[in-house]
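The values are calculated or read from the model by the stated rules, or taken from the named source; none is laboratory data. Not measured: the values here are computed from a predicted model. Cβ atoms come from the backbone with ideal geometry, glycine included; neighbour counts cover every protein chain shown. Areas reflect the complete protein model, heavy atoms only, side chains present, ligands, DNA and RNA absent. Shrake-Rupley method; radii C 1.70, N 1.55, O 1.52, S 1.80 Å.
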Amino acid sequence: GAGVSQSPSNKVTEKGKDVELRCDPISGHTALYWYRQSLGQGLEFLIYFQGNSAPDKSGLPSDRFSAERTGGSVSTLTIQRTQQEDSAVYLCASSPQSSSIYFGEGSWLTVV
Amino acid sequence: AQSVTQLDSQVPVFEEAPVELRCNYSSSVSVYLFWYVQYPNQGLQLLLKYLSGSTLVESINGFEAEFNKSQTSFHLRKPSVHISDTAEYFCAVSNYNQGGKLIFGQGTELSVKP
């Protein structure tokens, strides 16, 4: 597609449930990033993929968070046993050569 | 470690007035610098970037930013703002050696009033 595509755009889940957020990067972009945007915390880096490997996962807040990327394209961010503090907008971004990074519209997650 | 400080959390201005959104960074290595804009209920859009070369960079909608290495700043300016410029603006740095990971400032909310 023309831009970074994320799904779902909105997700409401019950505390304790698992959620999966999907990111489809711009075709040909080798680098893929996940960020989280929440009130009071600003924009936080979560994880970076180069191809299918993740050389930097330093921003994942706990072991409940994991991510994978397959085929050098689609990525899934999984949050297990969701907590209310996980409520945020999860932004995916991609980049061709690690210079300009392009963001998707985000997945708005609400944990109730 | 790198960090970014946006000195103003909110900047209210009147339409057609000039505006400056301040950004300072700290880094022990050379960095790339970016400004992103986020309109209400939308994702982040790249506004402009400094990678190398001329220290003054411009966007297509009249914004400009100047990289000042000695002051470690990358302030964003526009000589005359429009109502449609109302948005949140984020300054960010990246280090190519870290895979281009962006470190963001806390954001500046620009509110343009008629």
For labels at B:GLU64 and A:SER5 in the simple 7 Å Cα→Cβ model, what's the distance in nm? 4.0 nm
For the protein assembly as shown, with +1 on Lys and Arg beta carbons and -1 on Asp and Glu, the positive-most of A:TYR90, A:GLY40, B:PRO12 along the dipole: A:TYR90
Can you give the FRET efficiency to the nearest 0.05 for B:HIS82 and A:SER87, using r as the Cβ-Cβ distance and R₀ = 30 Å? 0.35
Can you pull out the buried accessible area for chains B and A, both sides counted, probe 1.4 Å, rounded to the nearest 100 Å²? 1600 Å²
SASA check, B:SER28, accessible area w/ 1.4 Å probe, all protein chains in place, rounded to nearest 10 Å², comes out at 110 Å²
Dipole axis of chain B (+1 Lys, Arg; -1 Asp, Glu on Cβ), positive-most option in B:VAL81, B:THR108, B:SER27: B:SER27
Solvent exposure ordering (accessible area, 1.4 Å, most first) of B:ASP85, A:ASP56, A:ASP63, A:ASP18: A:ASP63, A:ASP18, A:ASP56, B:ASP85
Of the listed peptides A:75-81, B:54-60, what is their order by residue-averaged count of other C-beta atoms within 10 Å, with the highest listed first? A:75-81, B:54-60
1/(1 + (r/R0)^6) with r = Cβ-Cβ of A:SER38 and B:LEU51, R0 = 25 Å, i.e. FRET efficiency to nearest 0.05, evaluates to 0.30
Modelling each spin label as a point 7 Å along the Cα-to-Cβ direction, I'd like the B:SER9/B:SER111 distance in nm, to one decimal. 1.3 nm
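Determine by what factor the alpha-carbon radius of gyration of the protein assembly as shown differs from 2.2 N^0.38 Å, reporting the quotient. Before the final figure, lay out the partial values.
Numbers: Rg = 17.6 Å, N = 226, 2.2 N^0.38 = 17.3 Å.
Rg over 2.2 N^0.38 Å, computed on Cα atoms: 1.02.
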Shielded by partner chains, region A:83-109 residues - at least 40 Å² of accessible area, 1.4 Å probe, vs chain alone: A:SER98, A:SER99, A:SER100, A:ILE101, A:PHE103, A:GLU105
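List the pairs from B:LYS69/B:LYS113; A:LYS17/B:LYS49; B:LYS69/B:LYS101; A:LYS57/B:LYS49 whose alpha-carbon separation is above 29 Å, in the order I gave them.
Details: B:LYS69/B:LYS113 33 Å; A:LYS17/B:LYS49 40 Å; B:LYS69/B:LYS101 20 Å; A:LYS57/B:LYS49 25 Å.
Among B:LYS69/B:LYS113; A:LYS17/B:LYS49; B:LYS69/B:LYS101; A:LYS57/B:LYS49, the Cα-Cα distance tops 29 Å for B:LYS69/B:LYS113; A:LYS17/B:LYS49.
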Return one whole number: the accessible area per residue of the protein assembly as shown in Å², for a 1.4 Å probe. 48 Å²
Ranked by GNM mean-square fluctuation in chain A (Cα springs under 10 Å), the top entry among A:SER66, A:SER100, A:SER27 is A:SER100
Mind telling me which of B:ALA87, B:ALA65, B:ALA17 comes out most flexible in a GNM of chain B, alpha-carbon contacts under 10 Å? B:ALA17
Within region B:3-113: Cβ-based charge dipole about Cα centre, in debye rounded to nearest 20 (Lys, Arg +1; Asp, Glu -1): 380 debye
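Give the residue list of trypsin sites (Lys or Arg not before Pro) in region B:1-106 that are DSSP loop and have at most 12 other beta-carbon atoms within 10 angstrom.
Values: sites: B:ARG22, B:LYS49, B:LYS69, B:ARG77, B:LYS101; in loops: B:ARG22, B:LYS69, B:LYS101.
The qualifying sites are B:LYS69.
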